[in-house]
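Here, each number is a calculation from the coordinates, and none is a lab measurement. Predicted model, so just to flag it, every value in this text is computed and none were measured. Methodologically, a virtual Cβ is constructed for each residue, glycine included, from the backbone with ideal geometry; neighbour enumeration extends over all protein chains shown.
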Ligand SMILES: NC(=O)c1ccc[n+]([C@@H]2O[C@H](COP(=O)([O-])OP(=O)(O)OC[C@H]3O[C@@H](n4cnc5c(N)ncnc54)[C@H](OP(=O)(O)O)[C@@H]3O)[C@@H](O)[C@H]2O)c1
């Protein structure tokens, strides 16, 4: 299917590896231009060299408002308007209530919620200049069902969904589509770090996934590219699980 993304410019944050990279790769395969960011220049250079000439990078930590301003200025200097924004960040650290400090909460709040607020605010004027703009927020299955020992994710990510659903009403009338995706287990460096190298832990988790395996970043990327594209023109305010059936709730 032609997603109609040829020549469009899309900003994909936290994308030197993992889910963000999967999205950038899927977009580039559709002949879109991407700007990616991350905190480490070396990883970004490697990512851009894998993505090819349609990709550029900016070193930016999305938990810092100044870095987001720098990132958006780069995009603005490159193109008159922005066609899409994929909002992603590193995951907040694991932990249970009893061992999280105020500092942990404050940092996770900036990383997970304020990054989405700042990216949205700074990008909106550029998005509104294009024909079919779209924002896609990447959250987690934790917004449907808490994951043990990931209290910060469980508590703060639902705020991103609340913002997305409110924005659907506020900026939908101006032609900006907003949606969110909720990954279950997509095998990336972060998942590897969370579950460790013990094969039996991975197998135990996969037994609980109806499709019998974790997802791949390219599968995640393809779905996100579709949602960001004009082909998904009537999908707005939606929250889509990409989890191989792991979440068993009816709603
Ligand atoms: N993989 C899954 O199954 C899964 C499921 C649910 C939710 N999630 C969430 O999805 C997000 C991405 O996960 P992942 O599995 O792709 O992780 P990953 O493999 O560790 O990749 C994280 C990417 O984000 C960048 N990054 C981290 N912190 C950043 C920051 N503050 N500012 C800008 N870039 C930053 C990293 O580059 P640098 O380190 O160089 O900055 C890297 O490119 C996380 O929030 C994670 O919790 C993942």
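Once you compute Rg and the Kirkwood Rh from C-alpha atoms, what is the Rg to Rh ratio for the chain? With Rg and the Kirkwood Rh in hand, the quotient comes to 0.95. Dimensions of segment 83-132 along the principal axes, based on C-alpha atoms and rounded to the nearest Å, stand at 48, 14, 11, largest first.
In this label model, residue 187 and residue 174 are separated by 4.3 nm, measuring between points 7 Å along each Cα→Cβ vector.
Counting every other Cβ atom within 10 Å of each residue's Cβ, 72, 135, 161 order from fewest to most as 161, 72, 135. Percentage of Cα-Cα pair distances in segment 144-184 greater than 17 Å, rounded to whole percent? Above the 17 Å cut-off, segment 144-184 has 39 percent of its Cα pairs.
Averaged over residues, the count of other Cβ atoms within 10 Å places the peptides 210-219, 27-36, 190-199 in the sequence 27-36, 210-219, 190-199, highest first. Rounded to the nearest 10 degrees, the inclination of helix 41-51 to the longest alpha-carbon principal axis of the chain is 70 degrees. Here the peptides 45-56, 225-236 are ranked by packing, the mean other Cβ count within 10 Å, and the order with the highest first is 225-236, 45-56.
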